Amino acid sequence: MSRFALYYNGGSLNRGCEALAATTAKLIKDRCGSPHVALLSFAPDEDREAGIENIDEIVDFNFCDRQNQMYRVGKNSAAYLRLFALGKISPTAADRYFFERAYRKNSDTRAMLGRYDVFISTGGDNYCYGDSVAPAAALNRALKRAGKRTVLWGCSVGREDLTAEKEADIASYDLITARESITFELLREVCPKSRIYLHADPAFTLGSEALPLPDGFIEGETVGLNLSPMVLGDGADGGDIRFAAVRRMVDYILEHTGRSVALIPHVFHERVSDLAPLTKLYEQYRSTGRVLLIGAQKAPGARQLKGIIARCGLFVGARTHATIAAYSSCVPTLVLGYSVKSTGIARDLFGSEQGLVVQMGGLKDENILADHFAALLERRDAYRQTLREKMPLYIQSAAEAADRLARL
């Protein structure tokens, strides 16, 4: 019996993380015989509360947290003095020593990792930003020394994100699945081509659960709207052109259509919660009676949120897995983008991202979201038909990625 470990999981209050863990575990169970599937999590209590099916055990393993006990270095110890000296010469070298030391010195960590055969990094966009990958690279080197097989699963990476450190780490994986063609073509330039494959994000296979809809939510007519601090930046407090553009779009919907707007969060971690900007927006439109806030009292799970999104007539979203919930439910979607993944996924689905993705980083026109929404509304039937044609192929593609796991 193969033993799989899913890692780089940020916790299920990010419903994208929950969706990835749930769908990956199910695909492994369905396609890889009778495996054991463990979830190595940054927030195990969140994952236990989510009740993710097909997970056999949940292990607390936040290898990115410098305060983790496994990284403890005694003051004035030889390791402490070496770290101090390395930090003066090369912070990069100091980081490498700090993180790698745990896997050489901590027998409990080595024993835990020794229980599994295949390690799957499910954090699809963890190489997509400017952060150092020193913790992940140290873990990957330790896994390779121990003879483990490693997988980078459903990833997105932009050319501007790549560094020599990231390239070396990505190239060390035994199998890489890119979830969109921009990343696929890029990684074929810098990694062994035989290890890289293009497959749909596993979250396209997520099932849905239909909760009762709140008052004012008209199935098939309501516009779903997801916002994230990642696309609003400092404008999440309401004082930025990006937030003004969102307001202009909501004004357009309320003034020119008979539709209501459902504000739908997808990440509930306090530091980066979608509820913060959505609540700010809700308070500005509460008096209209046509703007609803989902999840303010209790955070719905990933399947429950998909069940709500699936009953929207159109969707506008920032979080990748909120938009994947919409796409996979055949709901016409406008994406508020902030990285290569939104562009790549839309381009692969529709042939072009034009009119379907607005990159929010350099936004200068307050009217751009309202204009794009009007175009989405006009072409909604054509977009919905394209999604209906593509979704069976995407679900099959995700299943075929799991077949590659079985052959490792």
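What to note about this one:
- Test: residue in the range 28-40 that is free of Cβ contacts under 8 Å to residues at least 24 places away in the same chain, small (Gly, Ala, Ser) and in a loop (DSSP other than H, G, I, E, B): no
- Annotation note: Cβ proximity below 8 Å between a residue of the range 60-83 that is on the phi < 0 side of the Ramachandran plot and a residue that is hydroxyl-bearing (Ser, Thr, Tyr) and modelled with pLDDT of 90 or more (sequence gap 6+ or interchain) occurs for 60/41; 61/7; 61/41; 62/41; 63/7; 70/109.
- Restricting attention to the range 251-281 and to residues that are acidic (Asp, Glu) and in a helix (DSSP H, G or I), the residue that is nearest to residue 18 (Cα to Cα) turns out to be 270.
- Of the residues making up the range 235-291, those that are among the acidic types (Asp, Glu), closer than 18 Å to residue 360 by Cα and at pLDDT below 95 number 2.
- Condition met for residue 371 (modelled with pLDDT of 95 or more and not assigned by TED's automatic domain parsing to the domain that holds residue 128): yes
- Selection within the range 282-317 - assigned to a loop (DSSP other than H, G, I, E, B), of a type outside the set (D, E, K, R) and touching a Ser or Thr at 6+ places or on another chain (Cβ under 8 Å): 296, 301, 310, 312, 313
- Filter result (under 18 Å from the mean Cα position of the chain (by Cα) and among the polar types (S, T, N, Q)) within the range 166-186: 177, 181, 183
- Within the range 174-202, being of a type in the set (A, V, I, L, M) and either in contact with a strand residue (DSSP E or B) (Cβ under 6 Å, 6 or more places away or on another chain) or over 12 Å from residue 401 (Cα atoms) (or both) holds for 175, 176, 178, 182, 186, 187, 190, 196, 198.
- Screening the candidates 168, 138 for the property of being farther than 24 Å from residue 27 by Cβ, at pLDDT below 95, out of contact with any Cys (no Cβ under 7 Å at 6 or more places or on another chain) and surrounded by 16 or more Cβ atoms within 10 Å (Cβ to Cβ) yields one hit, 138.
Here is a yes/no grid of residues against (1) aromatic (Phe, Trp, Tyr); (2) in contact with a helix residue (DSSP H, G or I) (Cβ under 6 Å, 6 or more places away or on another chain); (3) more than 30 Å from residue 175 (Cβ to Cβ):
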{"position": "317", "(1), (2), (3)": "no, yes, no"}
{"position": "323", "(1), (2), (3)": "no, no, no"}
{"position": "332", "(1), (2), (3)": "no, yes, yes"}
{"position": "340", "(1), (2), (3)": "no, yes, no"}
{"position": "346", "(1), (2), (3)": "no, no, no"}
{"position": "363", "(1), (2), (3)": "no, yes, yes"}
{"position": "382", "(1), (2), (3)": "no, no, yes"}
{"position": "402", "(1), (2), (3)": "no, yes, no"}
{"position": "408", "(1), (2), (3)": "no, no, no"}
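- The residues on offer are 48, 66, and the sole one that is of a type outside the set (Gly, Ala, Ser), surrounded by fewer than 17 Cβ atoms within 10 Å (Cβ to Cβ) and part of a loop (DSSP other than H, G, I, E, B) is 66.
- Any hit, the range 303-320, residues being more than 24 Å from residue 204 (Cα to Cα) and buried (at least 19 other Cβ atoms within 10 Å of the Cβ): no
The values are calculated or read from the model by the stated rules, or taken from the named source; none is laboratory data. Keep in mind that what you see is a predicted model, and the values were worked out from it rather than measured. Don't worry about glycine lacking a Cβ; one is built from the backbone with ideal geometry, like all the others, and counts go over all protein chains shown.
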